[in-house]
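All of the numbers you see were taken from the coordinates with simple rules; none came from a lab. On a predicted model such as this, the values are computed, not experimentally measured, just so you know. FYI the Cβ positions are ideal-geometry reconstructions off the backbone, even for glycines, and counts take in every protein chain you see.
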Amino acid sequence: MPLDFYWMPLSAPCRASLLTAKAVGADINLKELNLLAGEQMKPDFVAINPQHCVPTLVDGDFALWESRAISSYLASQYGKDDSLYPNDPKARANVDRLLYFDMGTLYHRFGEYVYPVMFRGGSIDEEKLTKLHEALEWLDGFLAGHKWAVGDNITVADHSLAASVSTFKAAGIDLEKHSNVSAWLARCEGEMPGYAEVNTPGAVKFGEFFKSKSG
Amino acid sequence: MAPTLYSFLMSPYSRSVLVTAQALDLELDVRTINLKQQEQLKPEYVAINPQHTVPTLVDGDLVLTESRAIVTYLASRYGRDDALYPKDVVTRAKVDGLLYFDCATLCIRWRAVVHPVMKAGVSKPSEESLENLAEALTWLDDKLQQQPGRYLAGTVQPTVADICLATWACTYEAAGFSLAQHPRLAAWLARCRDNIKGFKEVSDVGAAQYGEMFKAILKSRS
């Protein structure tokens with residue numbers, strides 16, 4: 001039975017979970033919600049998810065939200081092996097560390113920079129851009145010396161970070177000064193299964209939206 | 001050799017790790033990094049953790065940041081069983097979902113309540129920030145209503161999600177806020193205090209320190 005996936009293409013977290021779904025070959029029934037038109041507040045969806053956020057995954061009678069929990073769940077439930085989300089506690093801890101870093105620091109600082117401009121009529125704040133670049137520099141350090149986010153295989157950390165960082169690039173953030181990040185993102189663009197299909201269009205749309213507001 | 005934990009008792013994120021270690025009967029070599037005195041910016045600490053966040057765990061060649069990644073790691077590596085971090089895929093996903101909710105919803109809304117007071121000289125939390133936080137607490141309260149007597153992920157025993165959210169909740173109360181509008185959360189917090197080993201000794205002590213600090217700042221602004 002297909003899994004229902006409620007999403008919005010603009011949303012980086014949604015694209016992150018879809019990258020994992022693609023990687024494990026899950027049978028996904030895409031259900032697009034336009035958050036800008038308040039579609040997430042419709043009673044049917046709130047009945048599934050009282051927090052009315054996206055992405056939301058429904059697998060049988062189990063409803064799950066939080067994109068990184070969804071990615072870890074898909075990898076654990078449907079992955080043919082543990083390469084996407086290693087079972088070894090230390091390896092897994094490094095993946096989890098990056099998932100929380102992406103959520104709580106990296107993407108968070110991007111949101112602080114772009115959302116006031118996109119949704120609240122605010123203007124570009126150079127200080128917030130500086131903070132984002134600080135976080136990108138930390139990421140640059142984390143990526144040094146290996147091909148993917150954690151070692152030699154793609155993991156769910158790469159999915160989450162790729163969705164985030166590609167969105168930054170589309171919004172015009174200069175990644176060139178972070179050489180490991182640039183090289184890793186190019187690798188994601190070229191080699192990550194499903195990237196062009198499930199990530200690129202939404203990232204491009206996000207970038208266009210931001211640029212239309214930032215003048 | 002015991003893992004080393006760099007932590008600051010006042011911070012709920014450090015306390016989550018300290019309580020988890022107690023619950024696991026795991027000895028840690030605890031070293032205090034005083035955030036009030038900006039000790040996290042000292043070169044020797046930045047050399048360990050360039051992001052200079054606290055807590056940081058060092059276990060052999062593993063240097064681990066992000067409190068929620070640390071608690072799940074400790075539970076996986078050192079747990080005698082999987083009670084704190086169940087291996088069942090669906091239950092684990094529920095625990096993970098709660099940890100991410102804690103990280104990017106609850107935490108953010110809490111910071112919007114307290115940071116303007118602590119860092120920007122505002123005299124009291126804004127109504128809007130308090131309403132947003134109350135909304136998040138209602139989501140948790142409603143979840144508990146659907147599973148009476150259980151913990152947040154629907155489990156019979158507390159998990160790391162309960163530890164992380166409870167260390168925050170006792171900080172919230174110590175800072176002078178009330179869970180009266182969220183009675184199931186209040187009851188859940190009482191269950192956590194009674195049933196999580198080390199909770200009262202570690203988290204309530206650190207929360208009280210935070211509470212004193214926050215109340216003193218509020219008083220100075222009025």
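Where is the GNM fluctuation largest for chain B (alpha-carbon springs, 10 angstrom cutoff): B:LEU140, B:LEU165, B:LEU152?
It is B:LEU140.
With just the Cα atoms defining each centre, how far is region A:108-178 from region B:160-178? Give it in Å.
Between the Cα centre of region A:108-178 and that of region B:160-178, the gap is 31 Å.
Taking amide hydrogens as modeled 1.01 Å from N in the peptide plane, which residues meet the under 5 Å criterion relative to A:GLY122, leaving out close sequence neighbours?
The answer is A:VAL117.
Quick one: putting +1 on the C-beta of Lys and Arg, -1 on the C-beta of Asp and Glu, what dipole do you get for the protein assembly as shown around its Cα centre, in Debye to the nearest 20?
The dipole magnitude comes to about 840 debye.
Looking at the square roots a ≥ b ≥ c of the eigenvalues of the Cα gyration tensor of region B:75-188, which shape do they give, rounded for a/c under 1.5, prolate if a/b is larger than b/c, or oblate?
It is prolate, given that a/c is not under 1.5 and a/b is the larger ratio.
Taking 37 °C and 0.692 mPa s as the conditions, I'd like the Stokes-Einstein D for region A:3-78 in µm²/s, using the Kirkwood hydrodynamic radius from alpha carbon pairs.
269
Check A:LEU3: other-chain or 5+ apart residues with amide H under 5 Å from its amide H, H built from backbone geometry?
A:ASP27, A:ILE28, A:ASN29
Could you tell me the ratio Rg/Rh of region A:34-154? Both radii from Cα atoms, Rh via Kirkwood.
When Rh is taken as the Kirkwood radius, the ratio is 1.04.
For the protein assembly as shown, what Kirkwood radius comes out of the mean inverse Cα-Cα distance, in Å?
Result for the protein assembly as shown, one decimal place: 22.3 Å.
Could you give the spread of the C-alpha atoms of region B:1-127 along their three principal axes, from largest to smallest, in whole angstroms?
Principal-axis extents of region B:1-127 (Cα, largest first): 48, 37, 22 Å.
At 7 Å along Cα-to-Cβ for each site, give me the label-to-label distance between B:LYS36 and B:THR4 in nm.
Reported label-point gap for B:LYS36 and B:THR4 is 2.5 nm.
For A:LYS42, give me every one of the lysines with a C-alpha distance below 25 angstrom, ignoring sequence neighbours fewer than eight places off in its own chain.
Partners found: A:LYS31, A:LYS205, B:LYS94, B:LYS143.
Quick check on the exposure proxy: order B:SER126, A:SER17, A:SER182 from fewest to most C-beta atoms within 10 angstrom.
B:SER126, A:SER182, A:SER17
Once you have a ≥ b ≥ c as the square roots of the Cα gyration tensor eigenvalues for region B:140-222, tell me rounded if a/c is under 1.5, and otherwise prolate or oblate according to whether a/b is larger than b/c.
The shape class here is oblate.
Which peptide among B:44-50, A:22-28, A:165-171, A:201-207 comes first, and what is the full order, when sorted by highest mean count of other Cβ atoms within 10 Å?
A:165-171, A:201-207, A:22-28, B:44-50
Give the dimensionless ratio obtained when the Cα radius of gyration of chain A is divided by 2.2 N^0.38 Å.
0.99
Step by step: find N for region A:89-214, compute 2.2 N^0.38 Å, then divide the Cα radius of gyration by it. What's the final number?
It is 1.04.
Only counting other Cβ atoms within 10 Å, I'd like A:GLU191, B:GLU127 sorted with the fewest neighbours first.
Listed from fewest to most nearby Cβ atoms, that is B:GLU127, A:GLU191.
More than 26 Å apart: what percent of Cα pairs in chain B qualify?
Within chain B, distances greater than 26 Å cover 35 percent of Cα pairs.
Going through the cross-link list A:LYS90/B:LYS200; A:LYS128/A:LYS169; A:LYS131/A:LYS169; A:LYS169/A:LYS213; A:LYS177/A:LYS213, which pairs have a Cα-Cα distance over 18 Å in this structure?
Violating the 18 Å limit, Cα to Cα: A:LYS90/B:LYS200; A:LYS177/A:LYS213.
Going by how many other beta carbons lie within 10 Å of each one, how would you line up A:GLU127, A:GLU66, fewest first?
By the 10 Å Cβ count, ascending: A:GLU127, A:GLU66.
Give the lysines reachable from B:LYS124 as a straight Cα distance under 24 Å; neighbours fewer than 8 places away on the same chain don't count.
The qualifying lysines are B:LYS36, B:LYS215, B:LYS219.
Pick from B:TYR100, B:TYR210, B:TYR13: which residue has the top mean-square fluctuation in a GNM of chain B where Cα pairs under 10 Å get a spring?
B:TYR100
Can you tell me the dipole magnitude for region A:1-142 around its Cα centre, using point charges on the Cβ only (Lys, Arg +1; Asp, Glu -1), in Debye to the nearest 20?
Rounded to the nearest 20 debye, it is 40 debye.
Given Cα pairs under 8 Å that are at least 6 residues apart, what percent is the relative contact order of region A:89-214?
Answer for region A:89-214 is 29 percent.
Per residue of A:132-139, how many C-beta atoms from partner chains lie within 10 Å of its own C-beta, taken as a mean?
What the average comes to for A:132-139 is 1.
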